[in-house]
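Novice: Have a look at this one before I ask anything.
The values are calculated or read from the model by the stated rules, or taken from the named source; none is laboratory data. Small disclaimer: the values here were computed from a predicted structure and weren't measured. FYI the Cβ positions are ideal-geometry reconstructions off the backbone, even for glycines, and counts take in every protein chain you see.
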Amino acid sequence: MAAPKKSVTKESGHEKGNGSQSPLEFTREQELRALRDMLLIRRFEEKAGQLYGMGAIGGFCHLYIGQEAIVVGMQMTLKKGDQVITGYRDHGHMLACGMEATGVMAELTGRYGGYYKGKGGSMHMFSREKNFFGGHGIVGAQVSLGTGLA
């Protein structure tokens, strides 16, 4: 079975499969916002990695480097009221859903100014206001919780 032929439209440069819906079109402002969000996540994770190496972050610190576009793209498709839950590699999700970088970093470093006064750490943050229901340190533990949220 041959793969469907793809064409690139001159207007957008996007590939389109024959008979399929056209890809999403984004405004320049949306694209710039996505780039800013990806850069924020990358820089945040680079700093978190440095602090972890210096011993300023206790416990585990699973970085999101190299996955920034995934979470930013996902957030761009969510509708109002959609909820997000993830596994233990969750800093990118926190930032992409709108949690403040200073609060997330304070939490990672165990400071009182963190979202949960420094007690949640890397894998146990959530924000009811942002519809982000946390990262979970046990592989697969979020599946049943995500089912309940759905």
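Novice: For residue 130, all conditions in the list (1) in a loop (DSSP other than H, G, I, E, B); (2) under 21 Å from residue 56 (Cα atoms); (3) within 16 Å of the chain's Cα centre (by Cα) hold save one; what is the number of the exception?
Specialist: (2)
Novice: Which residues, taken from region 23-78, are of a type in the set (Phe, Trp, Tyr) and either in a helix (DSSP H, G or I) or closer than 14 Å to residue 96 by Cα (or both)?
Specialist: Passing the criteria: 44, 52, 64.
Novice: Which condition number does residue 113 fail, the rest of (1) over 27 Å from residue 147 (Cβ atoms); (2) small (Gly, Ala, Ser); (3) part of a helix (DSSP H, G or I) being met?
Specialist: (3)
Novice: Quick one: in region 103-140, which of the residues that are within 17 Å of residue 40 (Cβ to Cβ) and hydrophobic (A, V, I, L, M, F, W, C) is surrounded by the most Cβ atoms within 10 Å (Cβ to Cβ)?
Specialist: My answer is 108.
Novice: Give region 25-56 a look and list any residue that's among the charged types (D, E, K, R) and under 15 Å from residue 73 (Cβ atoms), or say none.
Specialist: 25, 31, 33, 36, 37, 42
Novice: Follow-up. Pairs please, first residue from region 90-117 and farther than 26 Å from residue 35 by Cβ, second anywhere and among the β-branched types (Val, Ile, Thr) and modelled with pLDDT of 90 or more, Cβ atoms under 9 Å, 6+ apart in sequence or on different chains.
Specialist: Close Cβ pairs satisfying both conditions: 109/57; 110/57; 113/102; 114/104.
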